[in-house]
Amino acid sequence: MPEPEYSDDYTDPRLAIFYDQLNPWGPDRDFYLDLVMAADSVLDVGCGTGSVLRKARPAGHTGRLVGLDPAAAMLNQAKASTDVDWIHGDLGSVPFDQEFELVIMTGHVFQVFLTDNEIAAALTAVRAALADGGRFAFETLNPRLRPWERWTNQAEVVAADGTVVSTANTNPRLVERGIVEVVGRFSSPNWEREVLCPSRFRFVEVEELDAFLSEAGLAVVERYGLWDRRPFTEQLPEIITIATGV
Ligand SMILES: C[S@@+](CC[C@H](N)C(=O)[O-])C[C@H]1O[C@@H](n2cnc3c(N)ncnc32)[C@H](O)[C@@H]1O
């Protein structure tokens with residue numbers, strides 16, 4: 001058996017092509033699409049394959065839609081829709097200046113910011129991008145429920161190019177306070193070697209999150225624990241936040 005190779009599931013084109021199959025449309029995206037449809041100008045940070053913005057145009061959105069992501073392989077999937085501005089980069093690469101009514105981060109993108117400095121820089125850039133009265137909507141998983149202990153799902157997908165891929169999350173574990181590592185394993189009869197993708201995610205308690213927001217000049221205006229807009233409690237899985245500039 002050949003040694004596995006290491007890769008990154010967002011930047012590797014072999015893996016990005018079936019991201020949408022592994023992460024299908026759900027109530028989280030309905031929640032964000034409703035917000036997008038009610039805002040004239042929208043920035044989706046870490047848009048990935050752009051699934052939310054891609055639905056907005058056919059649903060009748062006529063304003064400005066911008067998707068930003070540092071992974072070219074993910075953006076290449078998004079670019080199937082040509083009526084959205086797709087920007088290759090992160091919040092540090094484009095100095096947006098009070099120009100969006102709504103900024104969103106979907107699919108737990110907030111959790112890719114691992115250090116306090118990365119979180120502070122991201123939130124400061126989001127604040128700067130918001131127009132007067134603009135809103136920032138995002139979610140992060142509630143660490144109290146230790147969801148990573150159940151991240152051992154397996155799946156088989158057939159990508160658009162016909163490649164059959166088996167995938168599983170393995171060995172999810174808390175590697176230091178608030179940081180969880182999980183290894184995605186991908187294999188296909190078409191590939192010589194198994195592909196391993198270790199990823200790290202930051203988990204913050206709700207009080208810690210609010211301190212970061214406040215430090216960046218953002219105040220929470222709505223908070224939910226599930227996509228049906230049920231108010232957040234410590235027993236619910238998501239910390240869904242809508243914040244505005246102060
Ligand atoms: C789990 S995916 C979510 C994609 C999309 N938002 C969704 O809901 O399907 C995480 C995304 O965050 C992007 N990402 C990683 N680091 C980032 C950063 N520093 N700034 C913005 N996006 C980042 C990845 O490239 C990837 O597309």
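The values are calculated or read from the model by the stated rules, or taken from the named source; none is laboratory data. Treat the numbers as computed from the prediction; the structure is a model and nothing was measured. Cβ atoms come from the backbone with ideal geometry, glycine included; neighbour counts cover every protein chain shown. Surface areas here come from the heavy atoms of the whole protein model, side chains and all, with no ligands, DNA or RNA. Shrake-Rupley method; radii C 1.70, N 1.55, O 1.52, S 1.80 Å.
Key figures for this structure:
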{"quantity": "Evaluation of Asn169 against (1) more than 15 Å from the ligand (Cβ to nearest atom); (2) in a strand (DSSP E or B); (3) open to solvent by 40 Å² or more (accessible area, probe 1.4 Å) (one fails), failing number", "calculated": "(1)"}
{"quantity": "Close pairs (6 angstrom Cβ cut-off, 6 or more residues apart or separate chains): over 19 Å from Leu145 (Cβ atoms) in segment 188-208, polar (S, T, N, Q) anywhere", "calculated": "Ser188/Thr163; Asn190/Thr163; Glu194/Ser187; Val195/Ser7; Cys197/Ser7"}
{"quantity": "Count of residues meeting criterion [farther than 19 Å from Ala72 by Cβ, of a type in the set (Ser, Thr, Tyr) and within 17 Å of the chain's Cα centre (by Cα)] in segment 3-41", "calculated": "1"}
{"quantity": "Of residues in segment 122-144 being open to solvent by less than 60 Å² (accessible area, probe 1.4 Å) and in a helix (DSSP H, G or I), the one nearest to the ligand (Cβ to nearest atom)", "calculated": "Ala122"}
{"quantity": "Residues within segment 149-166 that are within 29 Å of Ile119 (Cβ to Cβ) and surrounded by 15 or more Cβ atoms within 10 Å (Cβ to Cβ), tallied", "calculated": "1"}
{"quantity": "Filtered residues of segment 89-121 (kept if farther than 19 Å from Ile240 by Cα and either surrounded by 16 or more Cβ atoms within 10 Å (Cβ to Cβ) or within 10 Å of the ligand (Cβ to nearest atom) (or both))", "calculated": "Gly89, Asp90, Leu91, Gly92, Ser93, Phe96, Phe100, Glu118, Ala121"}
{"quantity": "Pair list, Cβ < 7 Å and 6+ apart or interchain, from segment 19-30 residues that are in the same structural domain as Ala71 (by TED's automatic domain parsing) and more than 18 Å from Ala56 (Cβ to Cβ) to residues that are acidic (Asp, Glu) and within 10 Å of the ligand (Cβ to nearest atom)", "calculated": "none"}
{"quantity": "Tally, over segment 31-53, of residues that are hydroxyl-bearing (Ser, Thr, Tyr) and open to solvent by 10 Å² or more (accessible area, probe 1.4 Å)", "calculated": "2"}
{"quantity": "Qualifying positions in segment 68-88 - assigned to a helix (DSSP H, G or I) and within 11 Å of the ligand (Cβ to nearest atom)", "calculated": "Ala72, Ala73, Met74, Leu75, Gln77, Ala78"}
{"quantity": "Some residue of segment 7-30 being in a strand (DSSP E or B) and either within 12 Å of the ligand (Cβ to nearest atom) or open to solvent by less than 60 Å² (accessible area, probe 1.4 Å) (or both)", "calculated": "no"}
{"quantity": "Which numbered condition Thr49 fails, given (1) out of contact with any strand residue (DSSP E or B) (no Cβ under 7 Å at 6 or more places or on another chain); (2) assigned to a helix (DSSP H, G or I); (3) β-branched (Val, Ile, Thr)", "calculated": "(2)"}
{"quantity": "Count of residues meeting criterion [within 13 Å of the ligand (Cβ to nearest atom) and aliphatic (A, V, I, L, M)] in segment 31-41", "calculated": "2"}
{"quantity": "In segment 31-63, the residues that are in contact with a helix residue (DSSP H, G or I) (Cβ under 8 Å, 6 or more places away or on another chain), in contact (Cβ under 8 Å) with a residue 60 or more places away in the chain and of a type in the set (A, V, I, L, M)", "calculated": "Val36, Val42, Leu43, Val45"}
{"quantity": "Check on Glu234, charged (D, E, K, R) and touching a residue at least 60 places away in the same chain (Cβ under 8 Å)", "calculated": "yes"}
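Table: residues versus (1) of a type in the set (Val, Ile, Thr); (2) open to solvent by 30 Å² or more (accessible area, probe 1.4 Å); (3) outside any strand (DSSP E or B); (4) at pLDDT below 95.
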| residue | (1), (2), (3), (4) |
| --- | --- |
| Val182 | yes, no, no, no |
| Cys197 | no, no, no, no |
| Ala211 | no, yes, yes, no |
| Glu222 | no, yes, no, no |
| Arg229 | no, yes, yes, no |
| Ile240 | yes, no, no, no |
